[in-house]
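The block underneath contains the structure these notes are about, expressed in structure tokens.
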Amino acid sequence: MRIVLFLLSFTCLSTSSVLMAQGFCGQTAYLTYLENQNAGLREAAENTFFAALRGSKIKTKREQDTIYQIKVVFHIVYNNPQQNIEDSLVYSQLKVMNDAFRRTNSDTINTRDTFKPFAADARIEFVLSTQDPDGNPSTGIIRKESRQSAFGSNPLDLSAADIVKTRNLGSAPWDTDQYLNIWICDLSFDGVDGLLGYAHPPTGAAFWDANSFEASDKQGVVCHYKVVGANNRFDLATGSKTLVHEVGHYLGLRHIWGDGGCAEDDFMDDTPRARRAGFGCNMGDNSCAEVVGKQFPDMVENYMDYSDDKCQNLFTHDQVAQMRSNLRMFRNSIYDEQIEPLPLPEIPDPMIAQTGVYPNPVVGDKLSVYIKNVDVNAKYDLILHNLIGQQVAVWNLESKSTQQIAGFLDLPGAYIYKIRQEGEQISIGKILVGK
């Protein structure tokens, strides 16, 4: 198959049907902007991609077991109160990211059987930084008021959007070798939502010194403020996947259709070829039928497609290996390593999108239950039914927002769970126990 240049910008369209369903993609514009600033960056990005691809084939038990935990800082750059999004949306977005990269999101049960063997836990986690670069306490959220009303443009010019990374009109980055910087701002133009995000991938520059192909202040992710977190534009249980997609680019992934037709590729062996981006949620589409061998539909479940957020629920094993290889080789100061899985920080109440259970699927013996706006004087319980309606188990719950219950090792299978308050159902959903 024909090798194509690795497009650097990774600028993306809406993955939500409530925003612009068709629009523009700024990959060429951003690549041209960066290449004009620093000739050779295009080639550096391509070389980095294939170096990481070769590195992704090297697997050891230690590497497989290691959890990479990345410190994150959110820069909220706003011109009006609507753009100055609440902390709760940042918290819920962080949960969406962790669920997606650890494959603990509740919608994994929607992965089609054809693709379940390809879906993988990336063993990558994200935490808000508790200290700034000077060692001072921090919430990991910075707010900067800007006189710039929006950072979009027409025709698309990513140099205009990149101003959000500057001290003058935006927010200067924290040390990009130590933190994943995420800028949240208005990327619309003249009130029209089209461009939703972009990311700078690894380009092989060691600690971004004077000889590197790109300065450190470009590193990170930029995202439109309307597509952050579990807000009312998305399924509250799964939230917006835009930042999951963009962080995938930051860690070196391409779009699954290779930014071209069936002759192009994302170089991931376990993502089927696709002729185009998968807008909507067309489960029956096979846009690149194979001449011989097994046929696979387009993988609209993949986070690196343009399919609707409600359809996206997986990274593949090869994509996971590629991201982890990029971390080890080209972003190796951005994370902390842990051999044993780290418990994620306790989730504050504003982060909880709705009453429900986590993780889903359940792996192991324990399940966490979240109750929004808990009444400490009320009685709660959790009931498990099999798919033909028979009650399998019941747990009396404590009257608090977050708790763990045990007893799932002997219950592999698919179920319907119900959470009740004083006998009245307040949450219902599907749950899968065991892999």
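Side notes on the structure shown:
- Leading residue by the ranking (farthest from the chain's Cα centre (by Cα)) among those in the range 35-50 that are of a type in the set (Asp, Glu) and closer than 19 Å to Gln322 by Cα: Glu43
- Of the residues in the range 308-320, at least one is at pLDDT below 90, in a loop (DSSP other than H, G, I, E, B) and crowded, with 18+ Cβ neighbours inside 10 Å.
- Residues in the range 385-402 that are without any contact (Cβ under 8 Å) to a residue 40 or more places away in the chain, in a strand (DSSP E or B) and touching a Phe, Trp or Tyr at 6+ places or on another chain (Cβ under 8 Å) were compared, and the one that is least open to solvent (accessible area, probe 1.4 Å) is Leu397.
- Gly194 vs. criteria at pLDDT below 90 and touching a Leu at 6+ places or on another chain (Cβ under 8 Å): yes
- If you go through the range 33-50 and keep only what is on the phi < 0 side of the Ramachandran plot, touching a Phe, Trp or Tyr at 6+ places or on another chain (Cβ under 7 Å) and not in a helix (DSSP H, G or I), you end up with just Asn38.
- Selected residue (only one of Ala39, Ala21 is of a type in the set (A, V, I, L, M), at pLDDT 60 or above and open to solvent by 10 Å² or more (accessible area, probe 1.4 Å)): Ala39
- Among the residues of the range 141-154, those that are at pLDDT 95 or above, in a loop (DSSP other than H, G, I, E, B) and either in contact with an Asp or Glu (Cβ under 8 Å, 6 or more places away or on another chain) or open to solvent by less than 30 Å² (accessible area, probe 1.4 Å) (or both) comprise Ser146, Ser149, Ala150, Phe151.
- Qualifying residue in the range 372-394 (condition: among the small types (Gly, Ala, Ser) and either closer than 23 Å to Asn313 by Cα or touching a helix residue (DSSP H, G or I) at 6+ places or on another chain (Cβ under 6 Å) (or both)): no
- Of the residues making up the range 126-145, those that are touching a strand residue (DSSP E or B) at 6+ places or on another chain (Cβ under 7 Å) and among the small types (Gly, Ala, Ser) are Ser129, Ser138, Gly140.
- Any hit, the range 201-221, residues being open to solvent by 10 Å² or more (accessible area, probe 1.4 Å), at pLDDT 80 or above and not hydroxyl-bearing (Ser, Thr, Tyr): yes
- Ile405 vs. criteria open to solvent by less than 20 Å² (accessible area, probe 1.4 Å), without any contact (Cβ under 8 Å) to a residue 60 or more places away in the chain and aliphatic (A, V, I, L, M): yes
- Against the numbered list (1) of a type outside the set (Val, Ile, Thr); (2) crowded, with 23+ Cβ neighbours inside 10 Å; (3) closer than 17 Å to Asn110 by Cα, Phe296 comes up short only at (2).
The values are calculated or read from the model by the stated rules, or taken from the named source; none is laboratory data. This is a predicted model, so every value here is computed, not measured. Here Cβ is always computed from backbone atoms with ideal geometry, including for glycine, and neighbour counts include all displayed protein chains. Heads up: the accessible areas ignore ligands, DNA and RNA and are worked out on the full protein's heavy atoms, side chains in. Shrake-Rupley method; radii C 1.70, N 1.55, O 1.52, S 1.80 Å.
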